Structure formats: structure tokens, C-alpha cells
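Structure first, then comments.
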Amino acid sequence: MLYPGLGLGIIVSGAKHVTDGMLLAAAEAVASQVNPTDLGASLLPPVDNLRASSATVAVAVAKQAVKDGVAAKPHDNWVQAVQDAMWQPVYPKLDI
């Protein structure tokens with residue numbers, strides 16, 4: 001959960017290097033997606049929401065890169081920037 005979002009946030013922000021703050025933002029973004037008060041709660045968000053989870057982490061990382069002064073590509077809308085940068089699995093229909 002953390003690493004795909006971390007990498008995407010770095011790419012989208014154009015960060016020159018990864019700061020401790022960016023790693024902390026990524027970890028906090030992952031942790032914010034689970035409810036620890038649920039009995040037997042998982043430590044990680046469900047895998048079936050991996051794309052959304054990674055996008056949440058990427059936005060947090062990109063915003064932190066700006067705060068830390070290492071972002072080279074500022075955006076007005078980080079959510080849209082992350083969505084635009086995500087690979088979309090679209091396959092052509094084959095006529096067989």
C-alpha cells in the first residue's frame with residue numbers, strides 16, 4: 001500500500017529526493033484508511049481498494065514534498081494530478 005503511492009507521489013511532485021516527512025506522510029495516509037477500533041481490524045486497508053489507497057498515499061506524499069521544499073512540479077489540484085498520472089488498464093477488444 002505504501003510503496004506504490006510513495007512512488008506515484010514522488011513522480012507527480014517531481015521530488016528531487018525523499019524526505020523523512022514524505023515517508024511519514026505516506027505511513028500516516030495508509031494508517032488513516034483503517035479503523036483500529038473495529039474488533040480484529042486489519043493493520044492495512046483492504047487490497048480490493050489498492051488503487052484508491054495508493055492514490056490517497058500519493059496525494060499525501062506530493063503535498064508533503066511541497067511543504068518540504070523538494071517538489072519540482074507544483075499543482076493546484078493534487079488529487080487530479082495523481083489521477084491523471086495513474087496507469088489505466090485499458091485493453092483493446094480482440095475480434096477472435
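Values quoted throughout were computed directly from the atomic coordinates according to the rules given, and no laboratory measurement underlies them. None of these values were measured; they are calculated from a predicted model. Heads up, the Cβs are rebuilt from the backbone with ideal geometry, glycines too, and the neighbour counts pull from every protein chain shown.
Assorted remarks:
- Per-peptide average of other Cβ atoms within 10 Å, ordering 74-87, 33-46 highest first: 74-87, 33-46
- Computed from backbone phi, the HN-Hα couplings of the stretch 84-89 come to 5, 8, 6, 5, 10, x Hz, rounded to whole numbers (Karplus: 6.51 cos²θ - 1.76 cosθ + 1.60, θ = phi - 60°; Gly and Pro given as x).
- Spatially proximal lysines relative to K63 (Cα-Cα < 19 Å; intrachain offsets below 8 disregarded): K16, K73
- Sparse packing (at most 15 other Cβ atoms within 10 Å of the Cβ) combined with a DSSP loop state is found for the following trypsin sites (Lys or Arg not before Pro) in the chain: K16, K93.
- Shown here: Cα Rg over 2.2 N^0.38 Å, derived from the displayed model; of the candidates [x] 1.22; [y] 1.10; [z] 1.48, it corresponds to [x].
- Using a cutoff of 8 angstrom between alpha carbon atoms and counting only pairs six or more residues apart, the relative contact order for the chain works out to 41 percent.
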